[in-house]
Amino acid sequence: MALFFGGIAKIIKSSGAYTGAVAIAQNYPLVISILGEPVSEGFLVTGNINASGPTGQARLSAPISGPKGDATLHIVADKEAGQWQFDRLVLEVEATGKFFEITSHHDQDVQAAK
């Protein structure tokens, strides 16, 4: 059973939606100021990805952390014409329970293809 869930986590973590969102978070000044550097990925990603060819959707929650604390990165992304577009990336800080919108339609630092 553990191998099954580990395999699913590996598939999700290799998706462009996940890798692109984590790359944005790792380089986003607000995330760095809250968590410190380096910002690292956690293990247990939850949610779902539904992709078929050049289109798809992703709704994920991914743990990330830094020397100053832990957080969850909530990811809402859509894939169009082979490119993942990040509709919302929200940082939920574990210690405070606060939520921070770290990107929007007009502030996309990274576009990930896969």
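What follows draws every value from the coordinates through simple rules; no lab data is involved. Being a predicted model, the structure only gives us computed values, none of them experimental. Here Cβ is always computed from backbone atoms with ideal geometry, including for glycine, and neighbour counts include all displayed protein chains.
If you bin all the Cα-Cα distances of the stretch 24-75 at 5 Å, starting from zero, the percentages per bin are 5, 21, 25, 18, 14, 10, 6, 2. Per-residue packing, averaged as other Cβ atoms within 10 Å, sorts the ranges 86-94, 62-70 into the order 86-94, 62-70, beginning with the highest. The value obtained for the stretch 14-109, namely the Cα convex hull volume divided by the number of residues, is 83 Å³ per residue. Near residue 70, once Lys and Arg are set to +1 and Asp and Glu to -1 for all other residues with Cβ below 12 Å from its Cβ, the sum equals -2.
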